[in-house]
Amino acid sequence: MWVVKLGGSLSRSPQLKQWLKVLVNVGERIVIVPGGAAFADQVRDVQRHWRFNDVIAHQMAILAMNQYGLMFKGMVDDLIMATSIEEIQQLYKKRSVVVWLPSIAMLGQTDIPASWSVTSDSLAAWLAQHLPTKHLILVKSIAFDLPEVSTSWLVQQDIVDASFPHFINQAGFDVWILEAGNAGLFYTAVRNGANLGTHVLIENSGEDMPDSSL
């Protein structure tokens, strides 16, 4: 199974629909994790204005991911929605391409901190840990041509959230960063078994998750 996180920065790009079509047609078992897009930006804005706590903001940001994921379904009707790991596992058997709409109730029962240090990147990594995942792909609107990068470098460059290294600390899958414009290259690489883009070097730091305060 492949877990593919589509960043919110693609939300108004024609590359988004290209990615969705490629993921539907590539012939692999795929779970798509939506970013928060402008929906999450609105949560940040209103939290700054009204000063409500991180727990509420975290729940609202999860709903933002759901909105972006539902937008995917509106763009490509072949996608199937799932809210739980159990649903994903059932659809996995049918070779469906699934969009994960994370449940506030389910995530509330985990040890995932309610914090902006945990964004959709970390949630994608968390989900990948709970599925028979071979590859975790983060698709982002970035431009760099590096064969391999470390998790600490990604955090320093603000490409992933501060908790991401914790969530892939003991990953049993490969992690890759792909540029938004590389959907066609992704399709070819998957079909030919070639490298997928920039490989992420998983560093076993042994550090705890970052402080949950903003």
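The residue of the stretch 72-98 that is nearest to Leu10 (Cα to Cα), among those that are surrounded by 15 or more Cβ atoms within 10 Å (Cβ to Cβ) and touching a Gly at 6+ places or on another chain (Cβ under 9 Å), is Leu79. Only residues that are more than 17 Å from Leu123 (Cα to Cα), without any contact (Cβ under 8 Å) to a residue 40 or more places away in the chain and not in a loop (DSSP other than H, G, I, E, B): list them for the stretch 88-108, please. The answer is Gln90, Leu91. Tallying residues that are among the aliphatic types (A, V, I, L, M) and surrounded by fewer than 18 Cβ atoms within 10 Å (Cβ to Cβ) within the stretch 2-25 yields 1. Phe52 meets all of the listed conditions (1) more than 17 Å from the chain's Cα centre (by Cα); (2) in contact (Cβ under 8 Å) with a residue 60 or more places away in the chain but one, namely (2). Out of curiosity, is Met60 among the aliphatic types (A, V, I, L, M), over 16 Å from the mean Cα position of the chain (by Cα) and within 23 Å of Asp161 (Cβ to Cβ)? Answer is yes for this residue. Checking the stretch 30-47 against the condition returns no match, with no residue being over 19 Å from Leu123 (Cβ atoms), in contact with a strand residue (DSSP E or B) (Cβ under 9 Å, 6 or more places away or on another chain) and among the aliphatic types (A, V, I, L, M). Residue count for the stretch 128-160, restricted to those that are closer than 30 Å to Ser84 by Cα and either free of Cβ contacts under 8 Å to residues at least 24 places away in the same chain or acidic (Asp, Glu) (or both): 3. When the strands (runs of 3 or more DSSP E) confined to the stretch 111-207 are screened for residues that are open to solvent by 30 Å² or more (accessible area, probe 1.4 Å) and among the acidic types (Asp, Glu), those reaching at least 1 such residues are found at 148-150, 174-179. If the condition is being among the charged types (D, E, K, R) and closer than 17 Å to Gly181 by Cα, then the stretch 14-56 contributes Lys17, Lys21. Could you look through the stretch 39-54, keep only residues that are hydrophobic (A, V, I, L, M, F, W, C) and open to solvent by less than 90 Å² (accessible area, probe 1.4 Å), and pick out the one that is farthest from Arg12 (Cα to Cα)? Checking each candidate, the answer is Phe52.
The values are calculated or read from the model by the stated rules, or taken from the named source; none is laboratory data. Everything numeric here is computed off the predicted structure, so don't read it as measured data. Because the Cβ atoms are built from the backbone with ideal geometry, glycine has one as well, and the counts that use them run over all protein chains shown. The accessibility values were calculated without ligands, DNA or RNA, using every heavy atom of the protein model including side chains. Shrake-Rupley method; radii C 1.70, N 1.55, O 1.52, S 1.80 Å.
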